[in-house]
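Below you'll find the structure, written out as structure tokens, and then a few comments.
Rule-based calculations on the coordinates, nothing more; no lab input. The structure displayed is predicted, hence computed values, not measured ones. Note that each Cβ is placed from the backbone with ideal geometry, even for glycine, and that neighbours are counted across all protein chains shown.
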Amino acid sequence: QKEVEQNSGPLSVPEGAIASLNCTYSDRGSQSFFWYRQYSGKSPELIMSIYSNGDKEDGRFTAQLNKASQYVSLLIRDSQPSDSATYLCAVLYGATNKLIFGTGTLLAVQP
Amino acid sequence: DGGITQSPKYLFRKEGQNVTLSCEQNLNHDAMYWYRQDPGQGLRLIYYSQIVNDFQKGDIAEGYSVSREKKESFPLTVTSAQKNPTAFYLCASSTVTDTQYFGPGTRLTVL
């Protein structure tokens, strides 16, 4: 089992729809979770961080965390073509204090 | 203007050459990191440093070396021992237990 797993996509959604990106992780001791957005050829930029079970909202973005099921998700409401990018899930592993990245999900928002 | 800078943006290396990638931050972060990103793969940790004059190997340290003589600076040398260095190199910084922020990256190509 990979430490942090994401569906590579591409995930294609029409403009204005909700995009749902999912991530699972293997370390039950992890406490910190992050979503980064990476445009082609650019470096990752932080979108959201989440530390507690439940939902965290920031504008059009909502991060959801379920530690019992070991998954974290990112919802993007009212998706825009400018949201088209690769979304990286990252988990701070408790045992090593290292940030482990998934391979990313490519999101394509169709105008 | 706070942030992380990396230079150069593009770097070409001949076989057998050592090259050094620069990373500077003015965020007053204690921790700094180097990652490598290859197409279709997640970010892989090369080296990290949580304090000046101290650094640790990450998951793929072979063929690389670093120094941390100043809090603001964490240069990475890609040595001739690294047999497949063509990749996108990303530097990040953070407070020791918090979110990592990335520089713009250096794209290294072996000629």
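Using equal-weight Cα scatterers in the Debye expression, the normalised intensity of the range A:61-107 in log10 at q = 0.19, 0.20 Å⁻¹ is -0.74, -0.80.
Using only side-chain charges placed at the Cβ, +1 for Lys and Arg and -1 for Asp and Glu, the dipole size of the protein assembly as shown relative to its Cα centre rounds to 480 debye. When the protein assembly as shown is described by a simple charge dipole with +1 on each Lys and Arg Cβ and -1 on each Asp and Glu Cβ, the residue from A:Ser32, B:Ser22, B:Gly63 located farthest towards its positive end is B:Gly63.
Give, rounded to the nearest 20 debye, the magnitude of the charge dipole that chain B has about its Cα centre when Lys and Arg contribute +1 at Cβ and Asp and Glu contribute -1 at Cβ. Display every interim value, and only then the final one.
Details: 11 positive and 11 negative charges, 80 e Å.
So the magnitude is around 380 debye.
Charged side chains reduced to their Cβ positions (Lys and Arg at +1, Asp and Glu at -1) give the range A:1-102 a dipole of some 240 debye around its Cα centre.
Go through A:Lys56/B:Lys71; B:Lys14/B:Lys57; A:Lys56/B:Lys57; A:Lys2/B:Lys71; A:Lys2/B:Lys57; A:Lys2/B:Lys70 and tell me which ones have a Cα-Cα distance over 30 Å in this structure. Beyond 30 Å between Cα atoms: A:Lys56/B:Lys71; A:Lys56/B:Lys57; A:Lys2/B:Lys71; A:Lys2/B:Lys70. Cβ crowding within 10 Å ranks A:Tyr39, B:Tyr47 as A:Tyr39, B:Tyr47, fewest other Cβ atoms first.
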